[in-house]
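Student: Got a structure for you, written out below as structure tokens; questions coming shortly.
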Amino acid sequence: MTEDDWQKIQAKRFSTVAPPANWPQKLRPVSLDGLSLFGMDPLKPGELFWDGEKLITERRWSNAERLLAGLATASAVTIALIESVRFGHDAGQFMGWW
């Protein structure tokens with residue numbers, strides 16, 4: 001494609017259709033031509049670009065989510081330890097070790 005072709009695509013990157021009423025006011029739908037402006041770097045999988053600018057595609061956990069994940073992990077480890085000790089005790093009794 002020539003530079004003129006890309007300029008035409010960039011000029012038509014947004015659709016002329018009105019966005020849904022529940023979208024934030026500044027958002028506009030992307031046109032079919034505008035989809036050509038999406039790109040990916042083959043050497044950096046997971047990164048997405050639109051019109052040459054990197055899009056932020058990560059989501060970070062809030063402090064509350066981190067706390068809940070930590071509590072769930074600690075609970076799972078504690079239960080696993082208790083069950084392994086209980087199993088060992090039952091197996092020892094079964095085998096006549098104590």
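Just so you know, all these numbers are worked out from the coordinates, no wet-lab data involved. Just so it is clear, the structure is predicted and the values come from calculations on it, not from any experiment. Every residue, glycine as well, gets a Cβ built from its backbone with ideal geometry; the counts of neighbours run over all protein chains shown.
Student: Relative contact order, percent, of the chain when contacts are C-alpha pairs under 8 Å separated by at least 6 residues?
Tutor: 15
Student: Could you pull out every one of the aspartates and glutamates with an alpha carbon less than 20 Å from that of K12, ignoring same-chain neighbours closer than 8 positions?
Tutor: In chain and number order, the partners are E3, D4, D33, D51, E53.
Student: Each residue of the range 32-37 in order: what ³J(HN,Hα) in whole Hz does its phi give by Karplus 6.51 cos²θ - 1.76 cosθ + 1.60, θ = phi - 60°, with x for Gly and Pro?
Tutor: Running phi through 6.51 cos²θ - 1.76 cosθ + 1.60 with θ = phi - 60° gives 4, 5, x, 5, 5, 7 Hz.
Student: Explain nothing, just compute: Karplus ³J(HN,Hα) = 6.51 cos²θ - 1.76 cosθ + 1.60, θ = phi - 60°, for every residue of the range 20-29 in order, whole Hz, x for Gly and Pro.
Tutor: x, 5, 7, 7, x, 4, 7, 6, 9, x
Student: Taking the Cα-to-Cβ direction at E53 and at W97 and moving 7 Å from each Cα, how far apart do the two end points lie in nm?
Tutor: Placing both labels 7 Å along Cα→Cβ, they lie 6.5 nm apart.
Student: Treat the count of other C-beta atoms within 10 Å as a stand-in for reagent exposure and order L43, L37, L67 from fewest to most.
Tutor: L43, L67, L37
Student: A follow-up question, please. How would the range 3-55 be classified by its alpha-carbon gyration tensor: rounded, prolate or oblate, with rounded meaning a/c under 1.5 and the a/b versus b/c comparison settling the rest?
Tutor: Because a/c hits 1.5 or more and a/b fails to exceed b/c, the range 3-55 counts as oblate.
Student: What full-extension length gain, to one decimal in nm, is calculated for A80 and K44 as 0.36 nm per residue of separation minus the Cα-Cα distance?
Tutor: Length gained between A80 and K44: 9.1 nm.
Student: Treating the chain as a set of equal point scatterers at the Cα positions, no solvent, please give the Debye-formula log₁₀ I(q)/I(0) at q = 0.11, 0.16 Å⁻¹.
Tutor: These q points yield log10 I(q)/I(0) values of -0.64, -0.90.
Student: Neighbouring Cβ atoms within 10 Å as the yardstick, rank M40, M1 fewest first.
Tutor: Lowest to highest Cβ neighbour count: M1, M40.
Student: Further question: For a quick check: with amide H placed at 1.01 Å from N, whose amide H comes under 5 Å from L48's, ignoring anything fewer than 5 positions away on the same chain?
Tutor: Under 5 Å from the amide H of L48 lie the amide H atoms of L55, each far enough along the sequence or on another chain.
Student: On C-alpha positions alone, give me the angle between the axis of helix 63-95 and the longest principal axis of the chain, in degrees, nearest 10.
Tutor: 30
Student: Which order do I9, I56 fall in if you start with the one that has the fewest other Cβ atoms within 10 Å?
Tutor: Lowest count first: I56, I9.
Student: May I pose another question? Using +1 at the C-beta of Lys and Arg and -1 at the C-beta of Asp and Glu, which of P45, N63, G88 has the Cα lying farthest in the positive direction of the dipole of the range 42-98?
Tutor: G88
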